[in-house]
Every structure is written in structure tokens, then in C-alpha cells.
Amino acid sequence: MKQNEVQSVTQKIEALRREIDRHNHQYYVLNAPLVSDAEYDRMMNELAALEDAHPDLITPYSPTQRVGAAPLSAFGSVRHAVVMRSLGNAFEADDVAAFDRRNSEALQAAGLMPPGGQVEYMAELKFDGLAVSLRYERGLLVQAATRGDGQTGEDITANVRTVRSVPLRLQGDDIPEVLEVRGEMLMTHQDFERLNEQQRQRREKVFVNPRNAAAGSLRQLDPRITATRPLRFFAYGWGEIRLRQASGELDLFNQEAGDAAMPRDTHAGMLDWFASLGLPVNDLRRRVRGVEGLLAYYEEISAQRATLQFEIDGLVYKVDSLEAQSVLGYVARAPRYAVAHKFPAQEENTVVLDIDVQVGRTGALTPVARLKPVFVGGVTVTNATLHNEDEIRRKGIYIGDTVVVRRAGDVIPEIVASIAELRPADARPFHMPQSCPVCGSAVERLEDEAATRCTGGLFCAAQRKQSLTHAAGRKALDIEGLGEKLVDQLVESGRVKSLADLFTLNVLELAAYERMGQKSAENLVKAIDKARKPELGRLLFALGIRHVGETTARDLALHFGSIEAIMQADEEALLAVRDVGPVVAGSVVRFFGEPHNREIIQALQQAGVEPVAEAAPQGGALPLAGKTLVLTGTLPNWSRDEATRHIMAAGGKVSGSVSRKTAYVVAGEEAGSKLEKARTLGVTILDEDGLKALLAQE
Ligand code: IVH
């Protein structure tokens, strides 16, 4: 290749790299992309093709080199030119006040602040990731290291090169000869969840939290793996800095040696300078004054903590003036001019003492871990729900295990993971019981369902309150005056154990319950009496059989005509009913297969409950036979229940969602997305009058 050709290819390559770097910065650092992904890919492909054709022109800072170099056999070690220190902690407002007071006194004594003045601070987030030091020489990234013991860290240059928000080359004209940038590598919550999901699918190790995921990704010996991990970086400090002077001589600045001539004279100025060089600096940093300013910032960020994209474990306050910083100096391993104001920890380790099983109001069996009490997220946690059997398997939790417990904000405490390495020899796996721990009925777990359920239904004390409230409801037995509060009292006093017991209540005893008088007791007994002759469909619905809603109950009632016939029906017979599929049929058979439930039906009959069969509709003569309608919004005259009843009486069905099979959507005021959907699907829309007109047709 001729000299001028080489020159023009070199220029072309260099121009492309600059352009790609600029777009990288816009995308990964400023979050403000200027070009489409396709356009960006096109530039990358063009650059890669040119580099393929001219491999001798490839340099380590080319954006094509972020894919990850060949695996290492071990990390080398790096001695930090300036030690990487840690921070002292403040936990309470008082600790922060003491920090501010010490600074104030020292700076007044040094004549850097007038009496009564307020110290200026840079307040920042304390990122919960991994501290790293990036070394740029003449603007190029030449080395990256972990903190290690502060003196010596591990050389992770090959891995850090793959992190898109870390510039391989600094921007601008103000490029220092040497710049060691310190900051935190981390992973966002969203990226962490996504990574774990991927790991799960590949049956690989899942990470306990974003910090471990970031650490694990950076400490990979194979940089090609790191390249696939979504790491981020934020700069918050520096180590060695050497500026190139106009004369061309080097000027070494070492803050610790008391050299006050820095490129900027405040911490805030330094961070702005970093940003101007293309380094990522977090936007939530703030200059504040005095302890009031610090605490106000603490309040503000605490309130936002749950909504941040990444984990923070506190805030860091730094005296802003670099001159003041060097006057304040260091004590042991930490600077006096800075402090970490820690949030209460959101994660702690503890031990699973046992796993109990609770039965919820709907009969779902929920395993609950009994924990060795642990203070986390500001409260003492002794229990954590494990949701279901699969969850326990997925997290690999054994009784006796040490686990990570998390409580973030007001969220219910949860077990994040089990630490398998700490499992004692006598740890044992958990098994779901075969029978309900409350009532002894068989439990079942249906295919496609995560929950294991008690089949005890009305017989199970755990489910009694909910079943009774449901049975008394307007769409079921419609017993007016039997509200939740009274049901609670009746069940808790032991007076009502099953639906049948309701029909044995008398005025005298009812009047004795809280918030009940003679009159309300009389009314209630009347209402109960009226419920002795329910329509069969309502009684069926009242029984609370899983998957048997109001409409299905009515269909079953119409088809079979008596409770005995339904109790005797097998799955095949049930499948013959309109709209009944295997899920409903199976559920009905299981319900009546349970002896407790059959006993309750018997007891109901003994208490004088006699359902009346509904008149079967007259075949095709009904105006809405075989049609499905959807109600949305508020109708001017009819309540939703009334409209439903009219539609059902006319042979129609009411469904909760609009599809192509919907015959009509009846829309009232403030109709929402269902109306929209009806319009998109071209389903006929009616108002209340329209519905009435339809019902009047013969
Ligand atoms: S300044 C000389 N600023 O906290 C002081 N540290 O315990 C050097 N950290 O190892 C640290 N966010 O990993 C500083 N905005 C921030 C920080 C921060 C997180 C970490 C860092 C360090 C630890 C100090």
C-alpha cells in the first residue's frame, strides 16, 4: 500500500473511532443517543471491516476491542500509585452533626472559614458496587484495578475495557498526562434481574444481589464473559494526577503530599472536569451547606432510594474545597474530610429455624420460614413467606440453612437466597404436607398452578370466614345484615363452624354480639330465613367451589335441576353442560368427593335449606340465547347486577373481557378500555336503552 493510501485509511479509521466514541458517550454516559441503533451498528461494521483489512492499524482503544480479549490464567497485581482509602461511617443525624462540627472548628482554626460560617460539602450517592481505579495515560485507558487491600489490587484491565460506559479514550482538549479515576462498578436492578433470568435458563449460578453480580462479572478470568455482563461505572474520586504544562513539562499533583495546585479547586469542580472528559458522573450529586444541607439531602435521597435504578447503601459527604480537604487530612485509613452516611442495611444473613405451613383464607397452603430474629431494613424480622413449594426449590432453601434476608423500604421481608456453602450437615429439605395442617383434609396441587390447596372448603377453619362472607353475599344467598365483622365474631366465638350453622342462629343469641341490637338481630334472622329457599344456582355459587362462578353455577343448576343430581354427576356428565370444561368439571367432582363437603350439604338440608330449581329457559325463543355481552361503565338506571340478571334471564352470558366472540358491549358512563377494545374489534356497542330494546324482542 502506498504511503498516502495508508494515511487516508488511518484517517478514515480514526474518524470512525471518534464518531463511535462520541455516540457511545451519548448513549452510555449521557443517556441521550443521537443516532439509531442501526446507524451505530453500521459504523461499527464499517470500522470492523477496515480493521480486518488492516490488522496492523488495530489499537487497544478502538471501540471494536470491547468484545473481550482472550482468557487469563490469573489476575496480575497492581500497586496503587496513591492508596485507595475507605470511609468512616455515620449512622445517625448526630454522627453527621459531629462530623460537620469537627470540620467547622478545624477550618475556622486554620483561617479557611470565618466564625459562624458554614462548611460547603459535595454530597453524593454511596454506590453499592465495587471500587475500581482506572488509569489513563495521555488520555488512553492503560490499566484498571480493584481496590484490593487499598495498597495493591488486581489487574482487571481486560475486563474493564468491555464496560461501555468506561471511555477507552478521554475526550476534549484538557487531557492530563496521567489521570487515575476512582469510582464504582455496579449493575442496575433491571440488568441484574435480566442476567439472573438468563443464568437460570442456562442452569448457571444465579447471583444473590447486584453487587455480587457486578463483582463476579469483573473477577471473570474470561473477559469475553465480562463483555456480556451489563456493568456500569460512576466516577467519584481520583488517585494520581499529572498535568501537562504549557511548557511541555510534567507537573505532578499529589493531593496527599499537600500539593494544593490541582486542575480544579473543589471536589465539585473535579467531578465536573471528569464529566467533561467523557467519564460518567452521577447526576444526583449536590453541593450543600452545613449539617442542615446534608440532612436535607439525606431525606431527599432516602425518599427516592426505592425508585433508583441501582442499589445505594448510603450517601457520602465530602468537604468541597480541596484546600480544606488537605488541611483536614487523614486519620488511619480514612479521610477526615469525608464520611459515609449509611442507610439501615436492607440485607442481612440469618438462619432458617423451621418452615411452617399456613393456610390462607382461600385455602392456599403457604410455607413460611421461621427465622432467627434479624434486624434488617429498620425492623426485626422473624418470619418470611416462601410463597410456594417451587419457590423453595428454586432458591434451594433447606431448614437449617443460612439465608440472605432482604427488606427494602416498606416491602415485605423476603429470603433472597440460600448460602449453600454454609449448609450444616443436619440441614433438611422441606416437603409440603399431604393434608391440611388446619383441618386435616387432603391437599391438592393442580397442574399449571403454583399453589397447593386444602380441599376442606367450608369445613376448614382457615377458610371459614371467607367462605361464609362469600356465601352471604348478594350474588349468593343474599343474606342482608351478615357482614364481615359479624362473620368474624361468629367464627371466632366458635358458634358457626359451617354454612349450615348459620341457619340455626336465633334472635336472642345474635342480639348479644357486638354492634348487634334486638332489631338488627330480628332482621338478620328474617334474612336467614328467606335464604332457606335459594335458587339452586345461588346455593351452588354460595358453596365456593373453585372455578364455579355465578354463571357456571347457574348453568349447572339449569342442567341438573337438583343438588343431588350435581353431587352424583361424574366428569363426563359435567362436561355435557354448556361452557363447562375439564377444569370446572374436575373441580366440582373433587369438591363433592370430599366427605366434609357432602356432610355440609346434608346439614344444610337438615337445617331446612331447600333450593328451588330455576325454570329452564325456553330454547331458542330467548332473545339473547347463546350470546355473550360485556358491560362497561355505569348505566343510568340499572346496576351491573341488575343488568346481568336481565341478560341471563334472556339466555345471554356476561363476560368480563371483550373479544371477537362478544356479541354486544353495553357501555355506560366512564366506560374505559373495554369500550376502546370493542371499537377496535368492531363489536356492536349499545347503551342501556339499546339493551332494553334487545331484551324486549321476542
Ligand atoms: S469516596 C477517600 N465516594 O465506599 C475516600 N466512596 O467505604 C474514598 N463508595 O471503597 C471513597 N460510593 O467503594 C466514595 N460516592 C462515593 C462512593 C464511595 C461508593 C464506596 C467505595 C469505597 C467505600 C468506602
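Looking at (1) over 27 Å from Ala527 (Cα atoms); (2) modelled with pLDDT of 85 or more; (3) in contact with a helix residue (DSSP H, G or I) (Cβ under 9 Å, 6 or more places away or on another chain), find the lone condition where Gln606 falls short.
Of (1) over 27 Å from Ala527 (Cα atoms); (2) modelled with pLDDT of 85 or more; (3) in contact with a helix residue (DSSP H, G or I) (Cβ under 9 Å, 6 or more places away or on another chain), only one is false for Gln606: (1).
Condition check ((1) open to solvent by 80 Å² or more (accessible area, probe 1.4 Å); (2) in contact with a helix residue (DSSP H, G or I) (Cβ under 7 Å, 6 or more places away or on another chain); (3) on the phi > 0 side of the Ramachandran plot; (4) not in a helix (DSSP H, G or I)) across all residues:
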| position | (1), (2), (3), (4) |
| --- | --- |
| Phe541 | no, yes, no, no |
| Leu558 | no, no, no, no |
| Ile566 | no, yes, no, no |
| Glu572 | yes, no, no, no |
| Val584 | no, yes, no, no |
| Val588 | no, yes, no, no |
| Gln602 | yes, no, no, no |
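State the number of residues belonging to the stretch 501-524 that are hydroxyl-bearing (Ser, Thr, Tyr) and surrounded by 15 or more Cβ atoms within 10 Å (Cβ to Cβ).
Adding up the residues that qualify gives 2.
Filtering the stretch 43-69 down to residues that are touching a Ser or Thr at 6+ places or on another chain (Cβ under 7 Å) and of a type in the set (D, E, K, R), which residue is surrounded by the most Cβ atoms within 10 Å (Cβ to Cβ)?
Among them, the one singled out is Glu51.
Run down Gly626, Gly608 and say which single residue is over 46 Å from the mean Cα position of the chain (by Cα), assigned to a loop (DSSP other than H, G, I, E, B) and surrounded by fewer than 17 Cβ atoms within 10 Å (Cβ to Cβ).
On the way: Gly626 fails: over 46 Å from the mean Cα position of the chain (by Cα).
Only one candidate qualifies: Gly608.
Among the helices (runs of 4 or more DSSP H) contained in the stretch 636-696, which hold 2 or more residues that are touching a strand residue (DSSP E or B) at 6+ places or on another chain (Cβ under 9 Å) and modelled with pLDDT of 90 or more?
Details: elements: 640-649, 673-681, 688-696.
Result: 673-681, 688-696.
Scan (1) open to solvent by less than 70 Å² (accessible area, probe 1.4 Å); (2) out of contact with any helix residue (DSSP H, G or I) (no Cβ under 6 Å at 6 or more places or on another chain); (3) among the aromatic types (Phe, Trp, Tyr) for the single condition Tyr40 breaks and write down its number.
Tallying (1) open to solvent by less than 70 Å² (accessible area, probe 1.4 Å); (2) out of contact with any helix residue (DSSP H, G or I) (no Cβ under 6 Å at 6 or more places or on another chain); (3) among the aromatic types (Phe, Trp, Tyr), Tyr40 fails exactly one: (2).
From Arg224, Arg219, Arg194, Arg138, which residue is surrounded by fewer than 19 Cβ atoms within 10 Å (Cβ to Cβ), more than 16 Å from the ligand (Cβ to nearest atom) and within 30 Å of Thr307 (Cβ to Cβ)?
Arg194
For (1) in a helix (DSSP H, G or I); (2) away from the ligand (no atom under 16 Å from the Cβ); (3) touching an Asp or Glu at 6+ places or on another chain (Cβ under 7 Å), each residue gets a yes or a no:
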residue	(1), (2), (3)
Met84	no, no, no
Asp94	yes, yes, no
Arg101	yes, yes, no
Leu107	yes, yes, no
Met113	no, yes, no
Gly116	no, yes, no
Ala123	no, no, no
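Would you point out the residue of the stretch 294-331, among those that are within 12 Å of the ligand (Cβ to nearest atom) and open to solvent by 40 Å² or more (accessible area, probe 1.4 Å), that is modelled with the highest pLDDT?
Of everything passing the filter in the stretch 294-331, Tyr330 is modelled with the highest pLDDT.
Quick check on my filter: what residues within the stretch 388-430 are closer than 12 Å to Gln346 by Cα, open to solvent by 40 Å² or more (accessible area, probe 1.4 Å), in contact with a strand residue (DSSP E or B) (Cβ under 6 Å, 6 or more places away or on another chain) and free of Cβ contacts under 8 Å to residues at least 40 places away in the same chain?
Glu414
Which pairs turn up if I take residues in the stretch 10-33 that are farther than 13 Å from Tyr61 by Cα and look for partners that are open to solvent by 70 Å² or more (accessible area, probe 1.4 Å) and part of a helix (DSSP H, G or I) with beta carbon separation below 8 Å, at least 6 apart in sequence or on another chain?
So the pair list comes out as Pro33/Tyr27.
The values are calculated or read from the model by the stated rules, or taken from the named source; none is laboratory data. Model, not experiment: these values are computed from the prediction. Reconstructed Cβ throughout: ideal geometry from the backbone, glycine too, with neighbour counts over all protein chains shown. Surface areas here come from the heavy atoms of the whole protein model, side chains and all, with no ligands, DNA or RNA. Shrake-Rupley method; radii C 1.70, N 1.55, O 1.52, S 1.80 Å.
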